[in-house]
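Comments concern the structure below.
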Amino acid sequence: MDNRPIGVFDSGLGGLTAVKELLEIMPQEHIVYFGDTGRVPYGSRSQETILKYAAQDIHFLTENRVKMIVVACGTVSSLARNLKKPQGVPFIDVLHPTALAASAATRNKRVGVIGTSATIRSGSYRRALAEIDSEIQVYDRECPLFVPLVENGFVADDDEVTRLVAERYLGELRDAGVDTLIMGCTHYPIISRIIGATMGKEVTLIDSGRETAFCCSKVLEERGLLCDRPAKGDCSFYVSDRVDDFSRIAGIFLGRDIGQEVHQIDINRY
Ligand code: DGL
C-alpha cells in the first residue's frame, strides 16, 4: 500500500479527461495535477521544446513526492521514447493503452487517429497500431485548432464554431470509412459529443485519458501501490498561469467547484 498522490500532467485542461476517470475508478487516491497553461499548446512546438517542458513538468511532480507519473498528454507521450524518466517512479503514458483499446474495438480494421501536429508528425500511433496488428489501416489527421477551442471554453455541444471546425477536420476520415477513431489528444474528449456527432453513431471513439486511467489502476494494483484509506482522496491542481479560466472550465468538466484547489506556480523554477 502507498498513500502518496498520483501525479498527472498535461499542457492544460486535457489531462483532466484522465483525472475524471481516475477519480471514478479509484476515488480514495490523492491526485496532484499540473496543467502548463502558461505554455499551452505544446502540439505546435518543436520536439526539443516539448521535451524540455515535459522534463520540468515531471520534475515538479517528483518534488511533490508522487508514487506514479501519468503523462496525460498525447503530444508528450508521442515523444516519450526520448524523455528522461525519473528513477523508481512508475511512468505511464497514453499511447499504448489507447492503441490497444482501438485495436480491440475495430471490426473493419480502419482506424482514424486525430491529434496535435506534433503527435501526428511523430507517427507514434501508426507505429503502435502496426506493432499490435499489422493489418490495421491508419488514417490520421492533425487538428491544431481543437486545443485552443477547448482552452477558451468553446466546448458546448451546440457550439457553432467548434462544429464547423470539426466538420472541416473530420470529413475525410468519415469518408474513408473508419469504424474507430482515436482521440489522440487528451483535450479532445472534452468536445467528444461534437466529434461523435460529426463522425456518426457507428464510429467508436477511443478516449486516451480514460484508457490511460484504467491502465494506471491496473499497474498500481499489480505493484501493491494502491492507497488504503477508506475516505475520498484530495485533488490539488497546479497551473502555470492565471487560475480563474482553468478553474471555471475544469469545474464544468469535472462537475464540481474546484476554485479553492487550484494554485499557480512558476514552472521555470523546475
Ligand atoms: N492535451 C495534449 C495532448 O494530448 C496537449 C495539447 C497541446 O498542448 O497542444 O496532446
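Assorted remarks:
- One chain, two ends: ARG256 and GLU167. Fully extended at 0.36 nm per residue, the span grows by 29.0 nm beyond their Cα-Cα distance.
- Between 0 and 90°, nearest 10: helix 160-175 axis offset from the chain longest Cα axis: 60
- Taken along its three principal axes, the alpha carbon spread of the chain comes to 47, 38, 38 Å, from the longest extent down to the shortest.
- Counting only lysines at least 8 places from LYS84 when in the same chain, those with an alpha carbon closer than 25 Å to its own are LYS52, LYS67, LYS218.
- Taking the charge dipole of segment 110-210 about its Cα centre, with +1 at Lys and Arg Cβ atoms and -1 at Asp and Glu Cβ atoms, the residue from VAL203, GLY115, ILE132 reaching farthest to the positive side is ILE132.
- For MET183, neighbours were defined as the other residues whose beta-carbon sits under 11 Å from its Cβ, and their charges (Lys and Arg +1, Asp and Glu -1) total -1.
- Cβ-Cβ distance of ASP228 and LYS84, R₀ of 35 Å, FRET efficiency by 1/(1 + (r/R0)^6): the value works out to about 0.65.
- Summing charges over all other residues whose Cβ lies under 15 Å from the Cβ of PRO144, with Lys and Arg as +1 and Asp and Glu as -1, gives +1.
- 3J(HN,Hα) from dihedral phi, segment 178-191, Karplus parametrisation 6.51/-1.76/1.60, rounded to Hz, x for glycine, proline: 5, 9, 9, 10, 7, 7, x, 10, 5, 6, 5, x, 5, 10
- Percent RCO, i.e. relative contact order, over the chain, from Cα pairs under 8 Å lying at least 6 residues apart: 28
- Highest-fluctuation residue, PHE146, PHE237, PHE253 considered, GNM on the chain with Cα pairs under 10 Å: PHE253
- The chain: most fluctuating residue of GLY12, GLY112, GLY177 per GNM, C-alpha cutoff 10 Å: GLY177
- The chain: antiparallel DSSP beta bridges as a percent of all, rounded to 5: 0
- Shown in residue order for segment 96-105 are the 3J(HN,Hα) couplings computed by the Karplus curve 6.51 cos²θ - 1.76 cosθ + 1.60 at θ = phi - 60°: 6, x, 6, 5, 4, 4, 5, 5, 6, 7 Hz (x for Gly and Pro).
- Antiparallel beta bridges, as assigned by DSSP with both residues in segment 1-106, represent about 0 percent of the total such bridges.
- With Cα atoms, 0 to 90° folded angle of helix 243-254 axis to the chain main axis: 60
- Neighbour net charge for PHE34 - beta-carbon separation under 9 angstrom, K R +1, D E -1: -3
- A full extension of the chain between ILE132 and ALA156 corresponds to an added length of 5.1 nm, given 0.36 nm per residue minus the alpha carbon distance.
- Separation of segment 220-270 and segment 54-128, taken as the distance between their Cα centroids, equals 20 angstrom.
Quick note: the coordinates plus some simple rules give every number you see, no bench work behind them. Predicted model, so just to flag it, every value in this text is computed and none were measured. Neighbour counts run over all protein chains shown; Cβ positions are idealised from the backbone, glycine included.
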